[in-house]
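Working notes for the structure below.
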Amino acid sequence: MNKTLSGALVAGLLAAGTCAAAGQATDAQVAQYQQKELARGEPARWMKEDRTIQAQIATKKKEIGAALNEALAQCKQMQASERGSCVKEARQTYRDDMAHVRELVTVSNQMAGKVETTGPSE
């Protein structure tokens, strides 16, 4: 399994914790496009591992940026009174993640497809 997939999970979980907003953040038009793309099958690049630490860091930075965009989209769906703090928290999480990108890559590599299932479900 692609090690960056584990990293995407870590980055996604960090972003999800940033703003707990109800509803889907993906625009309906984007979701329709994604479904069409997925119907074609997985691109070969999805299964190609990032073999160097530099490539893993570059991928992790993209994932952190995508997580920020998801969090900001969720913030936009919130009431105006909550939106400012949500955006502030999302951007702080982004800065923290970027500052610790190397450690996040290390954690992803150590996970290597393992998922912890002993904790309580949400």
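Can you tell me which of (1) buried (at least 17 other Cβ atoms within 10 Å of the Cβ); (2) under 28 Å from Ala112 (Cβ atoms); (3) at pLDDT 90 or above is the one Arg95 doesn't meet?
(1)
For the stretch 84-93, check the following and say yes or no: at least one residue is assigned to a helix (DSSP H, G or I), of a type in the set (Gly, Ala, Ser) and touching a helix residue (DSSP H, G or I) at 6+ places or on another chain (Cβ under 7 Å).
Yes, that holds for at least one residue.
Quick check on this structure: which one of Lys62, Lys36 is surrounded by 13 or more Cβ atoms within 10 Å (Cβ to Cβ), charged (D, E, K, R) and without any contact (Cβ under 8 Å) to a residue 12 or more places away in the chain?
Numbers: Lys36 fails: surrounded by 13 or more Cβ atoms within 10 Å (Cβ to Cβ).
Among Lys62, Lys36, only Lys62 is surrounded by 13 or more Cβ atoms within 10 Å (Cβ to Cβ), charged (D, E, K, R) and without any contact (Cβ under 8 Å) to a residue 12 or more places away in the chain.
Would you mind stating whether Ala67 is closer than 22 Å to Asp27 by Cα and modelled with pLDDT of 95 or more?
Taking the combined requirement at face value, the residue satisfies it.
The values are calculated or read from the model by the stated rules, or taken from the named source; none is laboratory data. Here the structure is a predicted model, which means the values were calculated and not measured. Glycine gets a Cβ as well: all are built from the backbone with ideal geometry, and neighbour counts include every protein chain shown.
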